[in-house]
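Notes to accompany the following structure.
The values are calculated or read from the model by the stated rules, or taken from the named source; none is laboratory data. Treat the numbers as computed from the prediction; the structure is a model and nothing was measured. Here the Cβ positions follow ideal geometry from the backbone for every residue, glycine too, while neighbour counts run over all protein chains shown. The protein model used for the area step is the full one, side chains on, heavy atoms only, and it has no ligands, DNA or RNA in it. Shrake-Rupley method; radii C 1.70, N 1.55, O 1.52, S 1.80 Å.
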Amino acid sequence: MSRPNLNERHRRILKFVVESHVMRAEPVGSQYVRMAYHLSISPATIRSAMKRLEEEGLLDHPHTSAGRIPTERGYRYYVDTLMEPEPIAPAQRRILNKALAGSAVTLDEMQRLVARVLAKSSGQLAVVAVRPWGEEQSGVRIGGAENIAAQPEFQTADRLRALVTLLAEPEPLTRALDSFSNSGGARVTIGRELGEGAMRECSLVGTGIAATRFRGSLGVLGPVRMPYPKLLSLVSYVGQRLAELP
(Lines give C-alpha, C1' and ligand atoms only; values in the text may rest on other atoms or scores of the structure.)
Protein backbone atom coordinates (compact mmCIF):
# COMPACT_ATOMS: atom_id res chain seq x y z
CA MET A 1 0.00 0.00 0.00
CA SER A 2 1.41 3.39 -1.00
CA ARG A 3 2.14 6.06 1.57
CA PRO A 4 -0.63 8.69 1.89
CA ASN A 5 0.08 12.18 0.60
CA LEU A 6 -0.70 14.36 3.63
CA ASN A 7 -0.52 18.11 3.93
CA GLU A 8 1.33 19.77 6.80
CA ARG A 9 -1.77 20.13 9.00
CA HIS A 10 -2.67 16.46 8.68
CA ARG A 11 0.93 15.45 9.38
CA ARG A 12 1.07 17.60 12.52
CA ILE A 13 -2.24 16.28 13.85
CA LEU A 14 -1.27 12.68 13.17
CA LYS A 15 1.98 13.26 15.06
CA PHE A 16 0.08 14.79 17.97
CA VAL A 17 -2.41 11.90 18.10
CA VAL A 18 0.33 9.25 18.00
CA GLU A 19 2.41 10.88 20.71
CA SER A 20 -0.65 11.55 22.89
CA HIS A 21 -1.80 7.95 22.53
CA VAL A 22 1.66 6.64 23.45
CA MET A 23 1.63 8.80 26.58
CA ARG A 24 -1.98 8.30 27.71
CA ALA A 25 -2.91 4.84 26.33
CA GLU A 26 -6.45 6.00 25.48
CA PRO A 27 -8.30 7.48 22.49
CA VAL A 28 -7.40 11.06 21.67
CA GLY A 29 -10.10 13.65 21.06
CA SER A 30 -9.97 16.89 19.07
CA GLN A 31 -10.41 19.10 22.14
CA TYR A 32 -7.48 17.43 23.89
CA VAL A 33 -5.24 17.88 20.85
CA ARG A 34 -6.19 21.56 20.60
CA MET A 35 -5.51 22.27 24.28
CA ALA A 36 -2.44 20.07 24.80
CA TYR A 37 -0.63 21.39 21.75
CA HIS A 38 -1.92 24.97 21.93
CA LEU A 39 -3.40 24.93 18.45
CA SER A 40 -5.20 28.01 17.18
CA ILE A 41 -7.54 26.05 14.87
CA SER A 42 -11.01 24.99 16.01
CA PRO A 43 -11.92 21.52 17.32
CA ALA A 44 -14.15 21.13 14.24
CA THR A 45 -11.15 21.67 11.96
CA ILE A 46 -9.17 19.12 13.97
CA ARG A 47 -12.05 16.62 13.77
CA SER A 48 -12.17 17.11 10.01
CA ALA A 49 -8.45 16.39 9.77
CA MET A 50 -8.86 13.32 11.96
CA LYS A 51 -11.65 12.08 9.70
CA ARG A 52 -9.34 12.40 6.69
CA LEU A 53 -6.61 10.51 8.55
CA GLU A 54 -9.14 7.81 9.40
CA GLU A 55 -10.15 7.54 5.73
CA GLU A 56 -6.46 7.06 4.88
CA GLY A 57 -6.26 4.16 7.34
CA LEU A 58 -3.90 6.01 9.70
CA LEU A 59 -6.37 6.45 12.60
CA ASP A 60 -9.16 4.30 13.96
CA HIS A 61 -12.34 5.32 15.78
CA PRO A 62 -13.26 2.94 18.63
CA HIS A 63 -17.01 2.66 18.79
CA THR A 64 -17.09 3.38 22.53
CA SER A 65 -15.18 6.64 22.25
CA ALA A 66 -15.29 9.94 20.41
CA GLY A 67 -11.50 9.93 20.21
CA ARG A 68 -9.14 8.31 17.73
CA ILE A 69 -6.22 5.93 18.10
CA PRO A 70 -3.41 5.30 15.60
CA THR A 71 -3.55 2.17 13.48
CA GLU A 72 -0.48 0.08 12.66
CA ARG A 73 -0.31 2.01 9.39
CA GLY A 74 -0.47 5.25 11.34
CA TYR A 75 2.42 4.18 13.53
CA ARG A 76 4.41 3.12 10.48
CA TYR A 77 3.84 6.51 8.85
CA TYR A 78 4.90 8.19 12.09
CA VAL A 79 8.10 6.15 12.41
CA ASP A 80 9.06 6.59 8.76
CA THR A 81 8.25 10.28 8.25
CA LEU A 82 7.23 12.18 11.39
CA MET A 83 9.31 10.89 14.27
CA GLU A 84 11.99 13.17 15.67
CA PRO A 85 15.18 11.73 17.23
CA GLU A 86 15.35 11.65 21.01
CA PRO A 87 19.03 11.52 22.01
CA ILE A 88 19.99 9.76 25.22
CA ALA A 89 20.69 12.27 27.98
CA PRO A 90 24.27 12.38 29.33
CA ALA A 91 23.10 11.19 32.76
CA GLN A 92 21.36 8.19 31.19
CA ARG A 93 24.49 7.39 29.18
CA ARG A 94 26.53 7.32 32.38
CA ILE A 95 24.00 5.00 34.01
CA LEU A 96 24.05 2.66 31.00
CA ASN A 97 27.85 2.69 30.77
CA LYS A 98 28.19 1.82 34.45
CA ALA A 99 25.58 -0.94 34.24
CA LEU A 100 27.07 -2.47 31.10
CA ALA A 101 30.51 -2.49 32.69
CA GLY A 102 29.41 -5.33 34.98
CA SER A 103 31.39 -8.44 35.73
CA ALA A 104 30.02 -10.60 32.90
CA VAL A 105 32.64 -13.09 31.65
CA THR A 106 30.83 -15.63 29.47
CA LEU A 107 28.49 -14.77 26.62
CA ASP A 108 25.57 -16.15 28.61
CA GLU A 109 26.39 -13.89 31.55
CA MET A 110 26.69 -10.95 29.18
CA GLN A 111 23.28 -11.70 27.67
CA ARG A 112 21.71 -11.82 31.14
CA LEU A 113 23.33 -8.51 32.05
CA VAL A 114 22.28 -6.76 28.84
CA ALA A 115 18.71 -8.09 29.05
CA ARG A 116 18.43 -6.81 32.62
CA VAL A 117 19.86 -3.37 31.79
CA LEU A 118 17.76 -2.99 28.63
CA ALA A 119 14.54 -4.06 30.36
CA LYS A 120 15.08 -1.61 33.22
CA SER A 121 15.97 1.28 30.89
CA SER A 122 13.18 0.70 28.37
CA GLY A 123 10.30 -0.38 30.60
CA GLN A 124 9.58 -3.06 27.98
CA LEU A 125 10.54 -6.68 27.34
CA ALA A 126 14.24 -6.94 26.49
CA VAL A 127 15.46 -9.63 24.10
CA VAL A 128 19.11 -10.50 23.43
CA ALA A 129 20.68 -13.24 21.33
CA VAL A 130 24.42 -13.40 20.66
CA ARG A 131 26.74 -16.26 19.68
CA PRO A 132 30.37 -16.68 18.71
CA TRP A 133 31.21 -16.12 15.07
CA GLY A 134 30.52 -19.24 13.01
CA GLU A 135 27.92 -20.68 15.39
CA GLU A 136 24.14 -20.76 14.93
CA GLN A 137 21.78 -18.86 17.19
CA SER A 138 20.61 -21.16 19.95
CA GLY A 139 17.92 -19.03 21.56
CA VAL A 140 17.00 -15.68 23.00
CA ARG A 141 17.59 -14.29 26.47
CA ILE A 142 14.57 -12.40 27.85
CA GLY A 143 14.34 -9.79 30.58
CA GLY A 144 11.51 -7.69 31.95
CA ALA A 145 8.55 -9.98 31.25
CA GLU A 146 6.66 -8.13 33.97
CA ASN A 147 7.01 -4.90 31.98
CA ILE A 148 5.13 -6.09 28.91
CA ALA A 149 2.58 -8.06 30.96
CA ALA A 150 1.65 -4.83 32.77
CA GLN A 151 0.84 -2.93 29.56
CA PRO A 152 -2.88 -2.12 29.05
CA GLU A 153 -2.88 -3.88 25.67
CA PHE A 154 -2.30 -7.26 27.37
CA GLN A 155 -4.89 -7.10 30.14
CA THR A 156 -7.61 -9.16 28.44
CA ALA A 157 -7.50 -12.89 29.11
CA ASP A 158 -6.94 -13.86 25.46
CA ARG A 159 -4.07 -11.46 24.86
CA LEU A 160 -2.39 -12.26 28.17
CA ARG A 161 -2.66 -15.98 27.42
CA ALA A 162 -1.09 -15.47 23.98
CA LEU A 163 1.72 -13.43 25.55
CA VAL A 164 2.43 -16.11 28.16
CA THR A 165 2.58 -18.71 25.39
CA LEU A 166 5.02 -16.55 23.42
CA LEU A 167 7.33 -16.17 26.40
CA ALA A 168 7.17 -19.89 27.16
CA GLU A 169 7.71 -20.92 23.53
CA PRO A 170 9.76 -18.04 22.07
CA GLU A 171 10.65 -19.50 18.67
CA PRO A 172 8.69 -16.78 16.78
CA LEU A 173 10.43 -14.14 18.87
CA THR A 174 13.81 -15.73 18.21
CA ARG A 175 13.17 -15.68 14.45
CA ALA A 176 11.99 -12.07 14.56
CA LEU A 177 15.05 -10.97 16.52
CA ASP A 178 17.39 -12.87 14.21
CA SER A 179 16.08 -10.83 11.27
CA PHE A 180 17.91 -7.84 12.79
CA SER A 181 21.30 -9.57 13.00
CA ASN A 182 22.54 -8.16 9.71
CA SER A 183 20.93 -4.74 10.01
CA GLY A 184 23.14 -1.70 9.76
CA GLY A 185 21.33 0.14 12.56
CA ALA A 186 18.32 0.12 14.83
CA ARG A 187 14.93 -0.17 13.15
CA VAL A 188 11.30 -0.89 13.98
CA THR A 189 9.02 -3.79 13.03
CA ILE A 190 5.35 -3.12 13.76
CA GLY A 191 2.36 -5.41 14.38
CA ARG A 192 1.56 -7.64 11.41
CA GLU A 193 5.09 -7.15 10.10
CA LEU A 194 6.15 -9.48 12.96
CA GLY A 195 3.72 -12.29 12.13
CA GLU A 196 0.63 -13.74 13.75
CA GLY A 197 -0.50 -14.64 17.26
CA ALA A 198 0.86 -12.56 20.13
CA MET A 199 3.55 -11.12 17.87
CA ARG A 200 0.86 -9.38 15.83
CA GLU A 201 -0.05 -7.28 18.87
CA CYS A 202 3.54 -6.12 19.37
CA SER A 203 6.33 -4.04 17.91
CA LEU A 204 10.03 -4.86 18.04
CA VAL A 205 12.78 -2.25 18.08
CA GLY A 206 16.03 -4.06 17.32
CA THR A 207 19.55 -3.83 16.00
CA GLY A 208 22.32 -6.15 14.92
CA ILE A 209 25.60 -6.55 16.80
CA ALA A 210 28.98 -7.42 15.28
CA ALA A 211 31.78 -7.48 17.88
CA THR A 212 35.22 -9.05 17.79
CA ARG A 213 34.20 -12.26 19.61
CA PHE A 214 30.52 -12.56 18.81
CA ARG A 215 27.60 -11.45 16.67
CA GLY A 216 23.85 -11.35 17.10
CA SER A 217 21.05 -8.91 17.84
CA LEU A 218 19.15 -7.25 20.65
CA GLY A 219 15.96 -5.30 21.02
CA VAL A 220 12.88 -4.43 23.03
CA LEU A 221 9.43 -5.89 22.47
CA GLY A 222 6.27 -4.12 23.56
CA PRO A 223 2.81 -3.16 22.37
CA VAL A 224 2.46 -1.27 19.09
CA ARG A 225 1.93 1.79 21.30
CA MET A 226 5.54 2.47 22.28
CA PRO A 227 7.80 5.57 22.56
CA TYR A 228 9.76 4.77 19.40
CA PRO A 229 12.15 7.79 19.42
CA LYS A 230 13.38 6.94 22.92
CA LEU A 231 13.63 3.20 22.26
CA LEU A 232 15.44 3.54 18.94
CA SER A 233 18.12 5.67 20.60
CA LEU A 234 18.39 3.29 23.56
CA VAL A 235 18.65 0.13 21.47
CA SER A 236 21.12 1.75 19.10
CA TYR A 237 23.36 2.93 21.95
CA VAL A 238 23.42 -0.40 23.78
CA GLY A 239 24.13 -2.20 20.51
CA GLN A 240 27.02 0.13 19.76
CA ARG A 241 28.51 -0.37 23.22
CA LEU A 242 28.39 -4.16 22.83
CA ALA A 243 29.99 -3.93 19.38
CA GLU A 244 32.92 -2.09 20.96
CA LEU A 245 33.70 -4.92 23.40
CA PRO A 246 37.08 -6.61 22.79
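Below are the figures for this structure:
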read-out	value
Accessible surface of region 1-66 [probe 1.4 Å, protein heavy atoms]: carbon and sulfur percent	48
Carbon/sulfur fraction of accessible area - region 162-246, other protein chains in place, 1.4 Å, %	50
For region 178-246, diffusion coefficient by Stokes-Einstein and Kirkwood Rh (Cα), 20 °C, 1.002 mPa s, µm²/s	176
Whole-number Å³ per residue for the convex hull built on Cα positions in region 1-134	169
Length added when fully stretched, residue 55-residue 120, from 0.36 nm per residue minus Cα-Cα	19.6 nm
Exposure ranking of 207, 212, 165 by accessible area [1.4 Å probe, largest first]	212, 165, 207
Net length gained if the chain between residue 108 and residue 159 were fully extended (0.36 nm per residue, minus Cα distance)	15.3 nm
Length gained when the stretch residue 95-residue 66 is fully extended (0.36 nm per residue, less Cα-Cα span)	6.3 nm
FRET E, pair residue 7, residue 36, Förster distance 25 Å, beta-carbon r, rounded to 0.05	0.75
Spin-label model distance (nm) - residue 213 vs residue 192, 7 Å beyond Cα toward Cβ	4.4
Reported label for calculated Rg and Dmax of the Cα atoms in Å given (i) 17.6, 52; (ii) 19.1, 61; (iii) 20.8, 67	(ii)
Contact order relative to length of the chain, as percent, for alpha carbon pairs under 8 angstrom and 6 or more apart	17
Surface per residue (accessible, 1.4 Å probe) for the chain, Å²	50
Cα pair distances of region 47-96 binned at 5 Å [whole percent]	5, 19, 18, 16, 10, 10, 8, 8, 6, 0
The chain: angle of helix 228-243 to the longest principal axis, Cα-based, in degrees nearest 10	10
Cα-based convex hull volume of region 141-208 per residue, rounded to whole Å³	86
Lysines with Cα under 24 Å of residue 230, excluding same-chain neighbours fewer than 8 positions away	15, 98, 120
